[in-house]
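Read through the structure below, which is laid out as structure tokens, and then see the notes.
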Amino acid sequence: MAKSLTEMAADIVAAQASHATMSGDEMETALKKTFEALSHIKNLEEKPAEAEVDDELAQLRANPAKSIQRTYVVNLEDGSKYKQITAKTLARFGLTAKEYRKKWGFSARQPLSAKSLSAKRRKSAKELGLADKLAAARKARSKPAPKKAAVPKKKTVKRRRKVRT
């Protein structure tokens, strides 16, 4: 049969008193402190893992920027960890990426992916020269299109219907 917290606290204080001289007040104080410590430990052991996840999620919701980690990003809606939060994932909560960013205070340009994944994409984009290609495409788009020679409009002739008599 398991001992109660009071019995365990008494055993601990009795063991301590057998090695050091303690007054009655010291024993009473030691007994209270030991009982409180054991109670605290018992509460931590019995606390379900969900409560710990909820505490962590509450902390992340208070500071959303910490939800984007090196190897994963935490979905602030349900606490799940992903490499990237996709539109399909957010659709389960009735949100778009734009609405999610607005709700949790992220900038519109903040990627909803792990930092390592963003770094990997940035590296491959640089290797492919996508920045130069994008700049060239923007420059070409900003140039006005050459004007075509004006073609006169054709006049349409309305024909009258002959009325038979």
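Data table
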| quantity | calculated |
| --- | --- |
| Subset of region 61-89 (residues that are in contact with a Lys or Arg (Cβ under 6 Å, 6 or more places away or on another chain), surrounded by 14 or more Cβ atoms within 10 Å (Cβ to Cβ) and assigned to a loop (DSSP other than H, G, I, E, B)) | TYR72, LEU76 |
| Identity of the residue in region 5-53, β-branched (Val, Ile, Thr) and at pLDDT below 90, that ends up nearest to LEU76 (Cα to Cα) | VAL53 |
| Candidates GLU56, GLU77 - the one that is modelled with pLDDT of 90 or more and charged (D, E, K, R) | GLU77 |
| Restricting region 8-42 to residues that are part of a helix (DSSP H, G or I) and among the β-branched types (Val, Ile, Thr), the residue that is surrounded by the fewest Cβ atoms within 10 Å (Cβ to Cβ) | ILE41 |
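Results for (1) under 28 Å from the mean Cα position of the chain (by Cα); (2) assigned to a loop (DSSP other than H, G, I, E, B); (3) at pLDDT 95 or above, shown as yes or no for each residue.
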position	(1), (2), (3)
PHE93	yes, yes, no
ALA108	yes, yes, no
PRO111	yes, yes, no
ASP132	no, no, no
ALA136	no, no, no
ALA140	no, no, no
PRO146	no, yes, no
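The values are calculated or read from the model by the stated rules, or taken from the named source; none is laboratory data. Treat the numbers as computed from the prediction; the structure is a model and nothing was measured. Positions of Cβ are generated from backbone atoms using ideal geometry, with glycine treated the same way; all protein chains shown enter the neighbour counts.
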